[in-house]
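The values are calculated or read from the model by the stated rules, or taken from the named source; none is laboratory data. All figures in this text were calculated on a predicted structure; none of them were measured in a lab. Cβ: placed from backbone, ideal geometry, glycine included. Neighbour counts: every protein chain shown.
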Amino acid sequence: MQSITLDIISSEHWVEHSGIKLYIYEKCQGNSCYKPIVILLHGSATAGRESFDLQVSGKPSYSLMDVLAEGGFDVFALDIRGFGRSSHPDGHITTADASEDLNAVVDYILKLKKAKKINLLGWSWGTQYGGMFIMNHPEKVAKYVSYAQMHIDSADLVKRKPKIEIFRKSPYVNITEAGWKGRFYSMAPAEVNDSDIIDEYAKVASLVEFRTPTGPQLDMVTIMPMVSPRLLSVPTMLIHGEHDDVADMEGLLPFFKQLPNSYKRYVIIPGAGHMMHLQKGHRLFQQEVIGFLKAQLMRVSLLLFMIY
C-alpha cells in the first residue's frame, strides 16, 4: 500500500521468514525511491513506525523518517517480531531473533531496491540486534549509527535487574497510555521535553503496542555484552543525549576506542535524554546523523567531479 503526502511517498511492505510475518514502513521524497537506504531499528518498547514517524500537528520536525527522506534518503522502519504490526509469537522474543528478523528485512530491501548495501541507525535495544547483525553481515552495511547504546553498567539497566523474574514469568506485559510517558523524564530535566510530543507518543504507542515483549529486557539484564566492538568493521558513529540514563561516555568510550574502522565518530547532544529524537535536542541529532551518513557520498561525488 502506498500514499503520498507533501511530496513524501510512504509505502508498507511485508516480509515472511521462519513462519514470522514482519511489517516494514518506508518513506522517501520525490518520484524515485532509489536513493541511499537507511533502516531505522526501534528499541525494546515501541515499534518502528511509532518510534520514528511521530506526526504532531504544527511540529513536523519530530518525524525522523520525514527529515531523513527530505535529506535524500530512502528510509525504512521495521517492526521486529512481537512488536507493532508484526507477528506476535507466544514465547519470549530474543535479541538473536531480532537480528535474524533484521537480516531477512535487509535482504528483502536490497533485492527490492537493487542495492548492494544499506545504512543502519539503531536506537537503544536496536543497537544490540543491529550490532549482532553487523557482526555477522558486515558486507551488507555501508555505515552504522549507534544511538543511545547501553552498556553493562548502564544506570537504567541496573534498575531493571530486580525485575528479572517478572520478565521470565511472562513474555509480554501491558503498558498503559500514562505508562509510556515516564521514559521521557528519567534523568532528563523537564525543559528538554515538549508535552505535546509526549502526549502524542503515548497515545500512538498505546494504540499499537497493546502488549510489549519482555524478552529484550531479559537479554539486556542477563547476557550483556551482546556486541563486540572489534567485530563492527563498518564506519560507525556513537551518539547519545547528555541526560541519557542508558548511554554515557564512561561506559561507551572503551567500546568506541576498540572500533576497528578508522572512520568513526562519538557525539554527545545537549538538551536531550534517552528519547533524544523526540526531545529538544532532536534537530542537532538529525544534523549529526545526516552529516555522518552523507560524508562518504560527498567524497565520492567529489572524486567523480575530479575524474570528469
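Filtering the range 123-176 down to residues that are among the basic types (Lys, Arg) and touching a strand residue (DSSP E or B) at 6+ places or on another chain (Cβ under 8 Å), which residue is nearest to Arg230 (Cα to Cα)?
Checked the range 123-176; the qualifying residue nearest to Arg230 (Cα to Cα) is Lys143.
For the residues Ile198, Ile290, the requirement of being crowded, with 16+ Cβ neighbours inside 10 Å and out of contact with any Lys or Arg (no Cβ under 9 Å at 6 or more places or on another chain) singles out Ile290. Being surrounded by fewer than 19 Cβ atoms within 10 Å (Cβ to Cβ) and within 20 Å of the chain's Cα centre (by Cα): is that true of His17 here? Against the criterion (surrounded by fewer than 19 Cβ atoms within 10 Å (Cβ to Cβ) and within 20 Å of the chain's Cα centre (by Cα)), His17 does not qualify. For the range 200-219, residues that are touching an Asp or Glu at 6+ places or on another chain (Cβ under 9 Å) and either not in a helix (DSSP H, G or I) or not β-branched (Val, Ile, Thr) (or both) total 8.
Just one of the numbered conditions (1) under 22 Å from Gly122 (Cβ atoms); (2) in contact (Cβ under 8 Å) with a residue 12 or more places away in the chain is not true of Lys159: (2). On the stretch given as the range 113-149, residues that are more than 15 Å from Lys264 (Cβ to Cβ), touching a residue at least 24 places away in the same chain (Cβ under 8 Å) and assigned to a helix (DSSP H, G or I) total 10.
Every residue, every condition in (1) in a loop (DSSP other than H, G, I, E, B); (2) more than 17 Å from the chain's Cα centre (by Cα); (3) touching a residue at least 24 places away in the same chain (Cβ under 8 Å), yes or no:
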| site | (1), (2), (3) |
| --- | --- |
| Arg230 | no, yes, yes |
| Met237 | no, no, yes |
| His240 | no, no, yes |
| His243 | yes, yes, yes |
| Val246 | yes, no, yes |
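For the range 98-112, the count of residues that are crowded, with 23+ Cβ neighbours inside 10 Å and in a loop (DSSP other than H, G, I, E, B) is zero. Of the strands (runs of 3 or more DSSP E) entirely within the range 1-70, those holding at least 3 residues that are at pLDDT 95 or above occupy 8-17, 20-29, 37-41.
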